[in-house]
Amino acid sequence: MSDNNKQIAIRLSGVKKMYKLGQIGGGTLQNDLQSWWARIRGKEDPNTKIGQSQRLVGQTLMALNDIDLTVYHGEALGVIGANGAGKSTLLKLLSRVTAPSDGEIDIYGRVTSMLEVGTGFNGEMTGRENIYMNGAILGMSKAEIDAKMEDIIDFSEVREFIDTPVKRYSSGMYVKLAFSVAAHLDSEIMIMDEVLAVGDMAFQKKCLAKMDDVSSRQGKTILYVSHNMSTIRQFCTRVIVLKEGRIIFDGDVNEGIGVYMTQSIDTSQVEFDLSNKYQKYLSPYPKAKMMKARFINKEYAVFDYQEQINFELQIRARMPANWLSLRFEIRAADGSSVGTSFAFDRFSIEEGELKSFIVSFNSKGLIAGKYSVVLGLFEKNEFGSYTDIDVIERALSFEIKDDDGQIGIQWSKQYWGFVKFDDLHVESSRN
């Protein structure tokens, strides 16, 4: 069970996961029995339509299609890809929440998983009782759980509520306790799906440090799904990129992030529907919602070097919003942060009103390349503090063309960054 002196933790061979949309079975009892008997004998399903290698065939969706993957003990594997790429399905198969339609999955070690907030928790039980239950599921004795109880409670930061039913916990408290349980109990493999999006920044930082510790020092294997490329880059030692149910990249973290981000940036699009995009950690019914964005007077989202970027933004208010401002965060194709611009002029929208704004950004200094934009709508109060109302990852995307007219040193963004500042001025001292 080793390859190049590495111990295998997880191995998938030819794994497929198929869902039938809009129906439970194959249409008739006879077809269901035929399909079941074919699977028992390891034969091809006689009711499978030709072209099954495609992802969507009629009412059949291949959520995962022919996945081969080996993960070794001690690795921190990042799983990235667009929404619907198959990330969560993969983690559910590894957590044994569901079974594969075809292929084999071998797991060598005990698994703890956090596929969503509060996974595995019983709402009627207290935090302490849920810790005992999770430990028992992993095969630990009460004495073993007792030995780790104080560490779990201290790390979770919910000591004063530990004997309260978890149904009364906020989503942040759920995550803190669930992560603490997963990190401290005796499992060899940790599986996590976007769980750190809920916790506050201080707790996220503590979690990342703990994940690094359990992976590098304790030798645990971690599979981590996230759309936050900075945490993927900071923590993971390897990434896979999923696209339409298939692995299209497996290897170096930065290279994988580049593959993912580049394929997700479409410069042929100038109008963006934001109405159905929500962040997990924000309310699904915000006070105001960004509805649509459109680059003005553009056929393609491609701009000349130092050209001003203008776009129209539509915002709808569900209730009166009088202290709104806008945040414009630019990220490079590899997901790294380039910079942020703020609209310091506050604006207001009446209840039920759909209002349009013209937003301008000076792209001066941005080197040639593809970029994505995080739009943040936030509310400031009279005391100067602010609260995010709506935050949309990859709300816009655009490209800056090569600076053909500039003469001088060839810019190397790999070392010098994504912003090209004005030239230095040097003159002799008169001393």
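Derivation of every value follows stated rules applied to the coordinates shown; laboratory data play no part. In this text, all values refer to a predicted model and were calculated from it rather than measured experimentally. Cβ sites come from the backbone with ideal geometry, for glycine too, and all protein chains shown count toward neighbours.
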Problem set entry | Of (i) 250; (ii) 196; (iii) 146, the label for volume of the Cα convex hull per residue in Å³ derived from the coordinates | (i)
For this session: Among VAL270, VAL15, LEU396, pick out the residue whose Cα is farthest towards the positive end of the charge dipole of the chain, where Lys and Arg carry +1 and Asp and Glu carry -1 on C-beta, about the Cα centre.
Result: VAL15
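To the nearest 20 debye, what is the magnitude of the charge dipole of the chain about its Cα centre, counting +1 on the Cβ of each Lys and Arg and -1 on the Cβ of each Asp and Glu?
780
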Problem set entry | Mean residue ellipticity (222 nm) of the chain, computed from DSSP H runs ≥ 4 via -39,500 (n - 2.57), nearest 500 | -7000 deg cm²/dmol
For this session: Assign one of three labels to segment 271-416, namely rounded, prolate or oblate, based on the Cα gyration tensor with a ≥ b ≥ c the square roots of its eigenvalues; rounded applies when a/c is under 1.5, prolate when it is not and a/b is larger than b/c, and oblate otherwise.
Result: prolate
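Mind checking the full-extension length gain between PHE342 and VAL97? Use 0.36 nm per residue of separation minus the Cα-Cα distance, one decimal, nm. Numbers along the way, then the final one.
Values: separation 245, 0.36 × 245 = 88.20 nm, distance 4.35 nm.
Additional length available on full extension: 83.8 nm.
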Exercise. Of all DSSP beta bridges in the chain, what percent run antiparallel (nearest 5)?
Worked result: 80
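Output the relative contact order of the chain, whole-number percent, from Cα pairs under 8 angstrom with separation of 6+ residues. Before the final figure, lay out each step's value.
Working: 853 pairs, mean separation 57.4, N = 431.
RCO, the chain: 13 percent.
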Exercise. How much FRET efficiency would the formula 1/(1 + (r/R0)^6) give for SER171 and ALA38, where r is the Cβ-Cβ distance and R0 is 35 Å, rounded to 0.05?
Worked result: 0.20
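If packing is taken as the average number of other Cβ atoms within 10 Å across a peptide's residues, how do 140-150, 205-215 rank, most packed first? Let's see the in-between values first.
Values: 140-150: 13.8, 205-215: 17.2.
My ranking of the peptides, most packed first, is 205-215, 140-150.
May I ask you to compute the full-extension gain from SER141 to TYR386, defined as 0.36 nm times their residue separation minus their alpha-carbon distance, rounded to one decimal in nm? Don't skip to the answer; put the middle values down first.
Working: separation 245, 0.36 × 245 = 88.20 nm, distance 4.71 nm.
Once the chain is fully extended between SER141 and TYR386, it gains 83.5 nm.
Based on DSSP, what percent of beta bridges with both residues in segment 271-416 are antiparallel, to the nearest 5?
Working: 47 of 49 bridges.
Expressed as a percentage, antiparallel bridges in segment 271-416 total about 95.
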Problem set entry | Cα-Cα over 24 Å, subset of LYS210/LYS413; LYS17/LYS176; LYS92/LYS220; LYS92/LYS148 | LYS210/LYS413; LYS17/LYS176; LYS92/LYS148
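Taking the Cβ of ASP212 as the centre, find all other residues whose Cβ is under 13 Å away and add up their charges (Lys, Arg: +1; Asp, Glu: -1).
Residues near ASP212 contribute +4 overall.
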Problem set entry | Centroid-to-centroid separation of segment 57-117 and segment 156-185 [C-alpha atoms, Å] | 26
Exercise. Which ³J(HN,Hα) values in Hz, rounded to whole numbers, follow from the phi angles of segment 327-335 under the Karplus curve 6.51 cos²θ - 1.76 cosθ + 1.60, where θ = phi - 60° and Gly and Pro get x?
Worked result: 10, 10, 9, 9, 10, 6, 4, 8, x
Seminar exercise, completed: Net charge (Lys, Arg +1; Asp, Glu -1) of residues whose beta-carbon lies under 13 Å from that of GLU350, GLU350 excluded, is +2
